There are 2 protein chains.
Amino acid sequence: MSQKDAFVTEITPRSQDFSRWYVDVVRRAELADYSPVKGCMVIRPYGYAIWELIQAALDKEIKRTGHVNAYFPLFIPNSLLTREAEHVEGFAPQVAYVTHGGGEELEEKLVVRPTSEAIIGTMYAKWVQSWRDLPILLNQWANVVRWEKVTRPFLRTTEFLWQEGHTAHETPEEGETETRKMLDVYADLCASLLAMPVVKGIKSESEKFAGALRTYSIEALMGDGRALQAGTSHNLGQNFAKAFDITFQARDKSLQHVWGTSWGVTTRLIGAVIMTHGDDSGLVLPPNVAPYQVVIVPIGRDNWRETVLPTAQRLEQDLVNAGIRVMLDARDERPGWKFSEWEMRGVPLRLEVGPKDIEKAQVMLARRDTREKLSAPMDGLAPRVRALLEDIQQSLLARALKFREDHTHRADDYETFKTTMEGRPGFVVAPWCGSAECEAHIKTDTQATIRNMPLDGTAPEGKGCVRCGNPAVAEAWFAKAY
Amino acid sequence: MSQKDAFVTEITPRSQDFSRWYVDVVRRAELADYSPVKGCMVIRPYGYAIWELIQAALDKEIKRTGHVNAYFPLFIPNSLLTREAEHVEGFAPQVAYVTHGGGEELEEKLVVRPTSEAIIGTMYAKWVQSWRDLPILLNQWANVVRWEKVTRPFLRTTEFLWQEGHTAHETPEEGETETRKMLDVYADLCASLLAMPVVKGIKSESEKFAGALRTYSIEALMGDGRALQAGTSHNLGQNFAKAFDITFQARDKSLQHVWGTSWGVTTRLIGAVIMTHGDDSGLVLPPNVAPYQVVIVPIGRDNWRETVLPTAQRLEQDLVNAGIRVMLDARDERPGWKFSEWEMRGVPLRLEVGPKDIEKAQVMLARRDTREKLSAPMDGLAPRVRALLEDIQQSLLARALKFREDHTHRADDYETFKTTMEGRPGFVVAPWCGSAECEAHIKTDTQATIRNMPLDGTAPEGKGCVRCGNPAVAEAWFAKAY
């Protein structure tokens with residue numbers, strides 16, 4: 001077991017090197033592993049179980065809001081990708097090409113989808129004839145490929161998993177409503193499932209999706225003070241409809257182009273959870289997204305299998321019956337080793353039970369987030385555990401919210417902005433004139449980018465751009481970002 | 001609506017041209033559509049909803065039998081695919097190659113996975129050290145690509161969706177037990193979910209998976225008398241373990257290679273459901289795999305929205321509350337048009353409600369499978385509907401089983417065999433000597449292949465091969481197959 005012990009304790013402290021800490025946690029907790037394919041990762045069962053919980057919760061919301069799932073081809077003929085000019089310009093440098101299939105060179109090379117607007121747009125052009133066929137509200141769960149130079153598990157990989165919603169509407173108003181509705185769905189999911197507060201806003205022109213009219217994003221603050229884009233929702237206007245001839249006969253009999261949207265979140269959310277809640281001991285999982293919400297560790301002398309295990313099994317069954325996800329760790333290891341392993345893997349609640357506990361008809365409960373320990377009677381255990389899990393979920397969200405508030409600053413002049421932006425301070429909110437030049441200049445000076453701007457779209461009264469002093473169009477949220 | 005009407009009635013009769021009937025049903029029922037990518041299809045929402053029901057039921061069984069899900073890269077370096085000699089020989093002609101990525105030619109071309117033994121085997125070699133690490137019981141839900149010359153929606157497409165289980169074991173006995181266990185899981189799923197009886201058996205050497213020791217399959221009989229391989233489970237022996245160096249320290253401290261299995265079913269199952277149960281009016285869906293189990297059609301005069309719709313909505317809610325999947329068709333179409341549309345789309349039960357029904361506090365129920373109509377009181381409707389759905393499910397299974405029995409023949413001499421095999425008679429069971437030569441000869445003479453052979457593996461006593469007369473090793477199930 002010495003090898004395994006070493007494995008567990010080998011996590012670089014977060015304060016010492018956040019990036020190494022992250023990779024250590026990903027690998028030691030068996031969330032993901034490197035693969036023999038450059039830039040591609042293997043999502044291991046513990047990491048995939050988190051993705052399954054995200055999928056289940058999000059799929060339910062996607063359906064509740066009227067969408068249905070479908071599946072479109074992995075390959076996109078190159079000629080289709082090039083139809084929307086901005087789109088191809090944005091994605092061409094990142095795509096992988098299939099040039100040979102079935103032992104022959106292909107007449108036209110195929111793009112491995114980096115996103116599916118082009119192939120889905122082509123189908124919508126076939127399916128939509130009349131305003132009666134609208135809206136089309138589709139979603140797809142799929143893998144996509146974007147060639148990346150520098151990769152990091154979950155955060156940026158050549159292949160990743162995601163969902164991509166693609167909708168077509170009769171009017172621009174409906175398109176905008178849809179775009180904003182899905183942004184809200186994402187933000188609510190991050191809060192309720194991942195205990196992760198996000199800043200909702202609109203992207204600057206330079207940061208919007210290639211081919212979109214407007215891109216909205218949710219931005220989260222990671223434990224090292226860097227921001228992470230956690231999801232995007234695009235109002236495509238009529239750009240793709242025009243490129244792919246998606247027309248319909250309107251109520252007034254005129255021929256119109258549909259109004260499109262697309263929106264997606266990815267396996268990056270797993271990385272976001274790790275970096276929002278983790279600590280020096282490893283992962284800290286919010287109960288709602290934890291594959292195991294409770295780990296039961298039997299305590300006792302050599303004969304614990306006879307004296308303690310039957311009780312542990314009964315407690316496991318009680319909790320399972322109450323709908324709680326439980327792992328009973330009955331391996332032949334010492335309890336202390338099990339404690340650190342499950343701490344490292346972020347299980348929200350540890351339940352210890354030994355001979356003395358059995359005598360007193362109680363168990364010990366240890367919270368992963370606060371490390372508090374408390375005893376609880378076996379009688380009525382399930383509701384007690386459920387309440388504790390709910391409390392942990394809320395506490396983690398409150399802690400992350402407090403962290404973000406403590407790491408959100410304001411700056412109205414450039415000297416203050418630059419000083420405040422030193423290191424990794426979190427968000428710095430500052431007035432901006434709307435020019436790409438100032439945006440680029442600020443990035444060069446400080447490495448910070450505009451994450452997004454408030455949804456209400458109102459210009460801050462009487463304020464000048466933090467860099468050039470010209471009238472500000474928005475209070476932009478700046479940060480150094482992943 | 002004339003265009004739509006034409007659309008619905010344009011299904012080629014099954015008896016006239018089964019293949020065209022199949023494609024008509026797939027397209028008219030909006031299960032799938034052709035895409036601009038040769039050999040690839042779009043799975044439309046109604047077809048994808050069937051896949052989601054299959055996934056949910058099978059994923060539950062996969063987990064119940066101790067497996068967990070994970071995700072491995074889409075791309076496989078060509079050098080890995082070539083490690084197992086038979087494997088590469090079997091798959092190389094069918095693979096698609098990525099040669100360019102990120103604007104550059106790749107040093108080594110990447111294979112788009114046709115199956116994942118090679119990439120998963122590489123990871124298992126890293127993960128497995130000791131017998132304590134075994135078994136590994138993983139499954140993956142993914143897309144795979146196999147270049148096909150002739151394609152047909154769901155049955156054979158260049159890209160398709162599937163699950164692939166990959167396990168590693170300490171002993172050959174465990175490997176064999178796993179292989180057979182998953183075959184049983186597939187067979188039970190086909191019966192209970194798809195109302196489709198299957199023949200479980202072992203493949204001949206020439207039909208086994210490239211790189212396997214033994215391949216087991218489930219074979220179903222389609223409505224045209226052709227067989228369809230509906231799932232396979234492979235005992236890989238130590239072939240991949242040796243090719244990929246998957247070794248472990250055994251209990252006796254010796255270094256051993258693991259024993260592997262892999263098993264999969266695909267979106268082909270959707271095609272199997274269509275061809276097992278469909279009729280001249282279109283799709284007939286078993287209730288357990290029907291996206292909508294009941295369609296409610298309000299009947300009435302022009303004012304039906306005021307007089308009938310509220311009652312229809314109340315009934316819808318009653319059924320939804322009872323866990324039944326319901327579609328209330330409140331579109332502005334005449335009821336007769338709705339009847340044929342939902343018949344064509346295979347909804348198991350139609351519920352009609354009109355002003356006279358409301359007066360009598362009853363509804364009319366029409367079964368898709370038998371076309372029987374019966375009235376039922378609104379009071380206690382949900383349990384009544386549930387019982388009817390269960391009866392439809394069982395009746396469809398019984399009908400398919402009867403069809404298979406009526407289309408399973410025996411032949412002990414070659415003349416009888418050839419005569420019986422004329423047309424598309426279903427299965428012909430005949431003794432076989434085990435030689436690839438006879439197998440190939442029979443195929444040339446009759447187009448029939450050995451689908452599989454009984455699991456018990458006993459030679460039929462005193463029988464000679466149907467073709468050569470040499471002692472038979474098995475009673476093989478022959479058929480013309482998809």
Checklist outcome for this item: Output for Cβ contacts, cut-off 7 Å, separation at least six or different chains, first residue touching a residue at least 40 places away in the same chain (Cβ under 8 Å) in the range B:385-400, second part of a helix (DSSP H, G or I) and β-branched (Val, Ile, Thr), reads B:400/B:276
Checklist entry - Consider residue A:56 against the criteria (1) buried (at least 20 other Cβ atoms within 10 Å of the Cβ); (2) within 11 Å of chain B (Cβ to nearest Cβ); (3) of a type in the set (A, V, I, L, M, F, W, C): it satisfies all of them except one. Which criterion is unmet? => result (1)
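Just checking, which of B:344, B:364 is closer than 15 Å to residue B:281 by Cβ and either of a type outside the set (Asp, Glu) or surrounded by fewer than 21 Cβ atoms within 10 Å (Cβ to Cβ) (or both)? Walk me through it before giving the result.
Values: B:364 fails: closer than 15 Å to residue B:281 by Cβ.
Among B:344, B:364, only B:344 is closer than 15 Å to residue B:281 by Cβ and either of a type outside the set (Asp, Glu) or surrounded by fewer than 21 Cβ atoms within 10 Å (Cβ to Cβ) (or both).
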Item to check | Matching residues in the range A:172-187 - criterion: being in contact (Cβ under 8 Å) with a residue 12 or more places away in the chain and out of contact with any Phe, Trp or Tyr (no Cβ under 8 Å at 6 or more places or on another chain) | outcome: A:176, A:178, A:181, A:184, A:185, A:187
Checklist outcome for this item: Going through the range A:154-165 in order, the residues found to be within 12 Å of chain B (Cβ to nearest Cβ) and over 9 Å from residue A:266 (Cβ atoms) are A:157, A:158, A:159
Checklist entry - So residue B:205 clears everything in (1) over 30 Å from residue B:133 (Cα atoms); (2) within 18 Å of the chain's Cα centre (by Cα) except one condition, right? Which one? => result (2)
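Give the range B:416-438 a look and list any residue that's of a type outside the set (Gly, Ala, Ser) and within 30 Å of residue B:17 (Cβ to Cβ), or say none. Steps first, answer last, please.
Filtering the range B:416-438 down to residues of a type outside the set (Gly, Ala, Ser) leaves B:416-422, B:424-425, B:427-429, B:431-433, B:437-438.
Result: B:416, B:417, B:418, B:419, B:420, B:421, B:422, B:424, B:425, B:427, B:428, B:429.
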Checklist entry - What strands (runs of 3 or more DSSP E) completely inside the range A:356-445 contain at least 3 residues that are touching a Leu at 6+ places or on another chain (Cβ under 9 Å)? => result A:362-367, A:373-377
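A quick yes/no check of all residues on (1) small (Gly, Ala, Ser); (2) under 21 Å from residue B:226 (Cα atoms):
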| site | (1), (2) |
| --- | --- |
| B:422 | no, yes |
| B:444 | no, yes |
| B:449 | no, yes |
| B:462 | yes, no |
| B:471 | no, no |
| B:478 | no, yes |
| B:481 | yes, yes |
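Select from the range B:378-433 the residues that are basic (Lys, Arg) and modelled with pLDDT of 95 or more and write down the one among them that is surrounded by the most Cβ atoms within 10 Å (Cβ to Cβ).
The first filter runs over the range B:378-433 and keeps only residues basic (Lys, Arg), leaving B:384, B:386, B:399, B:402, B:404, B:410, B:418, B:424.
The next check asks that each one be modelled with pLDDT of 95 or more; those that pass are B:384, B:386, B:399, B:402, B:404, B:410, B:418.
Details: B:384: 16, B:386: 17, B:399: 16, B:402: 11, B:404: 19, B:410: 14, B:418: 17.
Step by step, filter the range B:378-433, then rank; the result is B:404.
Would you mind listing the helices (runs of 4 or more DSSP H) fully within the range A:263-340 where at least 1 residues are within 30 Å of residue A:230 (Cα to Cα)? Before you say what the answer is, go through the steps one by one.
Details: elements: A:268-277, A:304-307, A:309-321.
By residue number, A:268-277.
Whether any residue in the range A:91-98 is more than 7 Å from chain B (Cβ to nearest Cβ), surrounded by fewer than 19 Cβ atoms within 10 Å (Cβ to Cβ) and either touching a residue at least 12 places away in the same chain (Cβ under 8 Å) or assigned to a strand (DSSP E or B) (or both) is what I want to check. Walk me through how you get there before you give the answer.
Step one: of the range A:91-98, the residues more than 7 Å from chain B (Cβ to nearest Cβ) are A:91-92, A:95.
Applying the additional criterion that residues be surrounded by fewer than 19 Cβ atoms within 10 Å (Cβ to Cβ) yields A:92.
If we keep only those that are either touching a residue at least 12 places away in the same chain (Cβ under 8 Å) or assigned to a strand (DSSP E or B) (or both) as well, we get none.
Checked the range A:91-98: no residue is more than 7 Å from chain B (Cβ to nearest Cβ), surrounded by fewer than 19 Cβ atoms within 10 Å (Cβ to Cβ) and either touching a residue at least 12 places away in the same chain (Cβ under 8 Å) or assigned to a strand (DSSP E or B) (or both).
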Checklist entry - Within the set of pairs 6 or more residues apart or between chains, which connect a residue that is more than 20 Å from residue B:147 (Cα to Cα) and not assigned by TED's automatic domain parsing to the domain that holds residue B:84 inside the range B:103-128 to a residue that is aliphatic (A, V, I, L, M) and outside any helix (DSSP H, G or I) with Cβ atoms less than 6 Å apart? => result none
Next on the checklist: When the residues of the range A:448-460 are narrowed to those that are polar (S, T, N, Q) and surrounded by 13 or more Cβ atoms within 10 Å (Cβ to Cβ), which ends up nearest to residue A:423 (Cα to Cα)?
Outcome noted: A:449
Next on the checklist: Tell me whether the range A:226-235 contains one or more residues that are among the basic types (Lys, Arg) and over 19 Å from residue A:397 (Cα atoms).
Outcome noted: no
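From the set of residues in the range B:142-184 that are charged (D, E, K, R) and at pLDDT below 95, which is surrounded by the most Cβ atoms within 10 Å (Cβ to Cβ)? Quick ask: steps written out before the conclusion?
Taking the range B:142-184 first, the residues charged (D, E, K, R) are B:146, B:148-149, B:152, B:156, B:159, B:164, B:170, B:173-174, B:176, B:178, B:180-181, B:184.
Filter again for at pLDDT below 95, leaving B:148-149.
Values: B:148: 18, B:149: 9.
Result: B:148.
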Item to check | Among the residues listed as B:402, B:373, the single one being under 29 Å from the mean Cα position of the chain (by Cα) and either over 24 Å from residue B:231 (Cβ atoms) or of a type in the set (Lys, Arg) (or both) | outcome: B:402
Checklist entry - From the residues in the range A:27-53 that are facing chain B (nearest Cβ under 10 Å) and in a loop (DSSP other than H, G, I, E, B), which one is farthest from the chain's Cα centre (by Cα)? => result A:36
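In a loop (DSSP other than H, G, I, E, B), of a type in the set (D, E, K, R), at pLDDT 95 or above and exposed (fewer than 15 other Cβ atoms within 10 Å of the Cβ), is that true of residue B:467?
The answer is no for residue B:467.
Inside the range B:10-47, can you point out the residues that are small (Gly, Ala, Ser) and either at pLDDT 95 or above or crowded, with 19+ Cβ neighbours inside 10 Å (or both)?
Of the residues in the range B:10-47, the ones small (Gly, Ala, Ser) are B:15, B:19, B:29, B:32, B:35, B:39, B:47.
Within the range B:10-47, B:19, B:29, B:32, B:35, B:39, B:47 qualify.
Residues to consider are A:308, A:347; find the one that is more than 30 Å from residue A:26 (Cβ to Cβ) and of a type in the set (A, V, I, L, M, F, W, C).
Numbers: A:347 fails: more than 30 Å from residue A:26 (Cβ to Cβ).
Within the list A:308, A:347, the selection yields A:308.
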Next on the checklist: Taking the condition of being under 20 Å from residue B:318 (Cβ atoms) and surrounded by fewer than 17 Cβ atoms within 10 Å (Cβ to Cβ), how many residues in the range B:330-341 meet it?
Outcome noted: 0
Checklist entry - Can you tell me which residue in the range A:99-133 is farthest from the other protein chains (Cβ to nearest Cβ), limited to those that are touching a Ser or Thr at 6+ places or on another chain (Cβ under 9 Å) and assigned to a loop (DSSP other than H, G, I, E, B)? => result A:115
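Output the residues belonging to the range A:134-153 that are away from chain B (no Cβ under 11 Å) and in contact (Cβ under 8 Å) with a residue 24 or more places away in the chain.
At the first step, the residues of the range A:134-153 found to be away from chain B (no Cβ under 11 Å) are A:134-135, A:150-153.
A:134, A:135, A:151, A:152, A:153 - these are the residues of the range A:134-153 that are away from chain B (no Cβ under 11 Å) and in contact (Cβ under 8 Å) with a residue 24 or more places away in the chain.
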Next on the checklist: So if I check each of B:333, B:352, which one is at pLDDT below 95 and assigned by TED's automatic domain parsing to the domain that holds residue B:378?
Outcome noted: B:333
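Search the range A:64-79 for residues being loosely packed, with under 15 Cβ neighbours inside 10 Å and in a helix (DSSP H, G or I), and hand back the single one that is farthest from the other protein chains (Cβ to nearest Cβ). Give the steps one after another, and end with the answer.
As a first pass, look at the range A:64-79 and keep what is loosely packed, with under 15 Cβ neighbours inside 10 Å: A:64, A:66, A:79.
After this cut, where a residue has to be in a helix (DSSP H, G or I) as well, the list is A:64, A:79.
On the way: A:64: 13, A:79: 9 Å.
The selected residue is A:64.
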Next on the checklist: Being of a type in the set (D, E, K, R) and touching a residue at least 60 places away in the same chain (Cβ under 8 Å) is the filter here; which residues of the range A:196-224 pass it?
Outcome noted: A:200, A:203, A:205, A:207, A:219, A:224
Checklist entry - When you go through (1) β-branched (Val, Ile, Thr); (2) over 14 Å from residue B:271 (Cα atoms); (3) buried (at least 22 other Cβ atoms within 10 Å of the Cβ) one by one for residue B:82, which number turns out not to apply? => result (3)
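The values are calculated or read from the model by the stated rules, or taken from the named source; none is laboratory data. Just so we're clear, the structure is a prediction, and the values are computed from it rather than from any experiment. Cβ atoms come from the backbone with ideal geometry, glycine included; neighbour counts cover every protein chain shown.
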